[in-house]
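The values are calculated or read from the model by the stated rules, or taken from the named source; none is laboratory data. Note that the structure is predicted; figures quoted are calculated from it, not measured. Neighbour counts are summed over all protein chains in view; Cβ atoms, including those assigned to glycine, are modelled from backbone coordinates with ideal geometry.
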Amino acid sequence: MSQMSKSTLPQDLFAHENYIGYLDMSNNRLLQLDNEFFRPLVNLQTLILANNELNRVPATVGLPGLRALDLSANRLTNFPDSLVNTF
């Protein structure tokens, strides 16, 4: 899903995709992601959200199996406390 020039994505895009382990959503124009957007991705280990226009990150990004998170080159102004000691 990298370089698709998307600014929004359907909230239920991954509703039945719990097997995904690696997800690259970099180089889009994503402005925000719903708080429940990543919750179905229980097997996600690597999430790349670099080079978007995100100003906040949903707390649900802190999934139990997540080992790598790339948020570089965004416009983050708020970072969930639940993620501070996760990585």
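For beta carbons closer than 7 Å, sequence separation of 6+ or different chains, a first residue in the range 19-37 that is free of Cβ contacts under 8 Å to residues at least 40 places away in the same chain and a second that is part of a loop (DSSP other than H, G, I, E, B) and small (G, A, S), the qualifying pairs are D24/S2; M25/S2; N27/S2; N28/S5; R29/S5; R29/S7; L30/S7; L31/S7. Criterion applied to L33, L69, L41 was being of a type outside the set (D, E, K, R), assigned to a loop (DSSP other than H, G, I, E, B) and out of contact with any Asp or Glu (no Cβ under 9 Å at 6 or more places or on another chain), and the one residue passing it is L33. The set of residues in the range 44-68 that are surrounded by fewer than 19 Cβ atoms within 10 Å (Cβ to Cβ) and in contact with a helix residue (DSSP H, G or I) (Cβ under 7 Å, 6 or more places away or on another chain) comprises A59, G62. For the range 1-31, a residue qualifies if it is among the aliphatic types (A, V, I, L, M) and at pLDDT below 75, and the qualifying residues are M1, M4, L9, L13, A15.
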